[in-house]
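The values are calculated or read from the model by the stated rules, or taken from the named source; none is laboratory data. Treat the numbers as computed from the prediction; the structure is a model and nothing was measured. Cβ coordinates were reconstructed from backbone atoms using ideal geometry, including for glycine residues, and neighbour counts include every protein chain displayed. In case anyone asks, the SASA skips ligands and DNA or RNA and just uses the protein heavy atoms, side chains included. Shrake-Rupley method; radii C 1.70, N 1.55, O 1.52, S 1.80 Å.
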Amino acid sequence: MQRVLFHSTIFGPIHSRRLGTSLGVNLMPNDGKICSFDCLYCEAGFNAQGPGTTGIPPRESVRTQLESKLSGMKENGERLDVITFSGNGEPTLHPDFEGVIDDTIALRDTYFPGVKISVLTNATRLGDAGVAAALRKVDNNIMKLDSAVPATVRLLDRPAPGYDLGKTIERIASFGAGGIVQTMITRGMHDGVAVDNSTDAEVEALIEAYRAIRPGEIMLYTIDRQTPEQSLVRVPREELDSIAARITSATGIPVQVSA
């Protein structure tokens, strides 16, 4: 079974295709995964591997570890473009997510005031007032929308029970131009069922959702590393560029393509 990628709370810096030189913050366990999605393409593996034994790191531990890393990088004259919350699951599931974001902003302002703060979220916790408030404070609030077709979301993202696609789109739309929508484009099979969110019908549904949301930007990307569902394939750059052009033509929203 494919296992979690990140074995510490603070990791990197690494090069991000979309964000540049990124220092990662993993708010989930170091030896397990906790997420409200169970995506077929998740580089951290399926949720079935379990939550591990280390637990969710406390707010103070995150702050201490992040300060140690940032101070060391500043002392060594290292470059940094962004502090990115991602890791072994959904970062907004941290019970003190807003407090962690407040700490991160203060540390960023102290050590790397020009650096941006990004959160990669699957948007399942936008109905929580504290989570929504925290996301409004960061520079790049990057919210997932892989499909606007409920059956495809259930197949590709496999959300926890109770997920409501229509309500999620409404909540993403509440951020307007202050939000970024991220869409993974891929195709393959899962349990004998075809999965493909690159079809004309899928793209048209996404376009309608993007029109309703009116984000400041759309990030379109495809798989880059091994995925737990091994049948998934990388969509060629030329195809992603064609989809991006179609989206921008229909919505006027800029699309960043990573392949």
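Worth a mention:
- The stretch 53-89 - residue that is in a strand (DSSP E or B) and of a type in the set (S, T, Y) and, of those, most open to solvent (accessible area, probe 1.4 Å): S86
- Hits in the stretch 124-133 - residues which are in a loop (DSSP other than H, G, I, E, B) and either under 15 Å from the mean Cα position of the chain (by Cα) or crowded, with 18+ Cβ neighbours inside 10 Å (or both): T124, R125, L126
- Scanning the stretch 233-254 for residues that are in a loop (DSSP other than H, G, I, E, B), open to solvent by 10 Å² or more (accessible area, probe 1.4 Å) and out of contact with any helix residue (DSSP H, G or I) (no Cβ under 8 Å at 6 or more places or on another chain) turns up P236, G252.
- Reported count of residues in the stretch 92-123, each being open to solvent by less than 40 Å² (accessible area, probe 1.4 Å) and either among the polar types (S, T, N, Q) or closer than 24 Å to I207 by Cα (or both), is 7.
- When V153, V203, V257, V181 are checked against the criterion of being under 17 Å from the mean Cα position of the chain (by Cα), assigned to a helix (DSSP H, G or I) and at negative phi, a single residue qualifies: V153.
- When the stretch 140-150 is filtered for residues that are surrounded by 20 or more Cβ atoms within 10 Å (Cβ to Cβ), hydrophobic (A, V, I, L, M, F, W, C) and assigned to a loop (DSSP other than H, G, I, E, B), the ones remaining, listed by number, are L145, A148.
- Of residues in the stretch 184-200 being outside any strand (DSSP E or B) and free of Cβ contacts under 8 Å to residues at least 40 places away in the same chain, the one surrounded by the most Cβ atoms within 10 Å (Cβ to Cβ): T199
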